[in-house]
Amino acid sequence: MSLLEAALRGHRVVVEIPRDGVEDWVALAEVLLQEGLGAWVLPPELFPIAPEVLSLYGFRARVGACGVTDAEGVRRAVEAGLHFVLSPVSDPDLAAAAGDVPFVGGALTPGEVAAAARGGAEVVAVAPADALGTAYARALPPLFPGLALLPWGRLERYQCEMWLDAGARAVVVGDVVLRNDGSGGANSPEEVGRRAAAFRPILGSS
């Protein structure tokens with residue numbers, strides 16, 4: 001089993017939970033699962049609720065950590081029982097801190113991605129994947145045909161599709177599904193369902 005398979009178990013779209021959380025996360029989690037979005041990542045601010053999330057959904061969803069930038073944060077994610085760890089940086093100390101838990105470090109530019117690959121990375125998270133425009137989705141993956149890329153950022157469905165069509169293995173979506181475009185608050189379950197349903201065509205089989 002590859003590192004990415006161990007982390008995501010076939011899921012192609014991962015939903016990032018906002019750092020300030022959501023008011024009724026159980027209702028939103030049920031909506032996400034209903035729409036086929038069964039892989040989520042929690043930022044360090046939400047690690048305290050990880051045991052509760054895992055007790056309710058650990059067998060129905062893949063629940064990982066995101067946004068950790070030091071070894072202590074990785075250890076906290078592992079101790080919380082999260083299934084995998086995403087970091088916006090690639091650092092061997094972070095990978096070592098993860099132990100047997102799948103760890104995916106990040107990079108943005110071709111030089112950074114190449115450096116991560118030379119360091120032994122099997123999978124590299126491209127973060128923030130929305131920073132360099134939509135054309136980057138088509139430009140970067142062909143440069144690294146043997147490397148699993150995991151774009152991560154505020155990606156709309158069409159941007160995710162571009163990355164996947166270009167060869168990325170999966171995508172991590174921040175804000176687009178759960179966050180209200182105007183006020184910055186969380187979307188209602190009905191709106192989450194509408195937005196999540198838009199991703200169905202790119203889910204594949206999971």
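The values are calculated or read from the model by the stated rules, or taken from the named source; none is laboratory data. Only a predicted model underlies this, so the values are computations on that prediction, with no experimental measurement involved. Virtual Cβ from ideal backbone geometry, glycine too; neighbours counted across all protein chains shown. What goes into the accessible areas is simple: the full protein's heavy atoms, side chains included, and nothing from ligands, DNA or RNA. Shrake-Rupley method; radii C 1.70, N 1.55, O 1.52, S 1.80 Å.
So, counting K/R as plus one and D/E as minus one, what does the shell of residues with Cβ under 11 Å around Leu8 add up to? Could the numbers behind the result be given before it?
Numbers: positive: Arg9, Arg12, Arg62, Arg169; negative: Glu5.
Counting the neighbours of Leu8, the net charge comes to +3.
Please give the net charge around Gly38, taking every other residue with its beta carbon less than 10 angstrom from that of Gly38, where Lys and Arg add +1 and Asp and Glu add -1. Could the numbers behind the result be given before it?
Working: positive: Arg9, Arg60, Arg62; negative: Glu35.
Within the 10 Å Cβ shell, the charges total +2.
What accessible area per residue comes out for the chain, rounded to a whole number of Å², with a 1.4 Å probe?
Values: 9120 Å² over 206 residues.
Accessible area per residue, the chain: 44 Å².
In debye, nearest 20, what is the charge dipole magnitude of the chain about its Cα centre with +1 on Lys and Arg Cβ and -1 on Asp and Glu Cβ, if you could check?
Working: 16 positive and 25 negative charges, 118 e Å.
Dipole of the chain, to the nearest 20 debye: 560 debye.
Roughly to the nearest percent, how much of the accessible area of the range 30-118 is carbon and sulfur, given a 1.4 Å probe?
Details: 2040 of 3750 Å².
Roughly 54 percent, rounded to a whole number.
Using protein chains only and a probe of 1.4 angstrom, how many square angstrom of Leu108 are accessible, to the nearest 10?
Rounded to the nearest 10, the figure is 30 Å².
Can you check what the net charge comes to around Ala71, using other residues whose Cβ is under 13 Å from the Cβ of Ala71 (Lys, Arg +1; Asp, Glu -1)?
Its environment carries a net charge of -3.
To the nearest 20 debye, what is the magnitude of the charge dipole of the range 1-118 about its Cα centre, counting +1 on the Cβ of each Lys and Arg and -1 on the Cβ of each Asp and Glu? Don't skip to the answer; put the middle values down first.
Numbers: 8 positive and 16 negative charges, 85 e Å.
For the range 1-118, the charge dipole is close to 400 debye.
Gap in Å between the Cα centre of the range 36-113 and the Cα centre of the range 143-197?
17 Å
Just for the Cα atoms in the range 74-206, what are the lengths along the principal axes, largest first, rounded to whole Å?
43, 37, 30
To the nearest 500 deg cm²/dmol, what mean residue ellipticity at 222 nm is calculated for the chain from DSSP H runs of n ≥ 4 alone, each contributing -39,500 (n - 2.57), summed and divided by the residues? List each step's numbers first, then the result.
Numbers: 9 runs with 73 residues, N = 206.
Calculated mean residue ellipticity at 222 nm is -9500 deg cm²/dmol.
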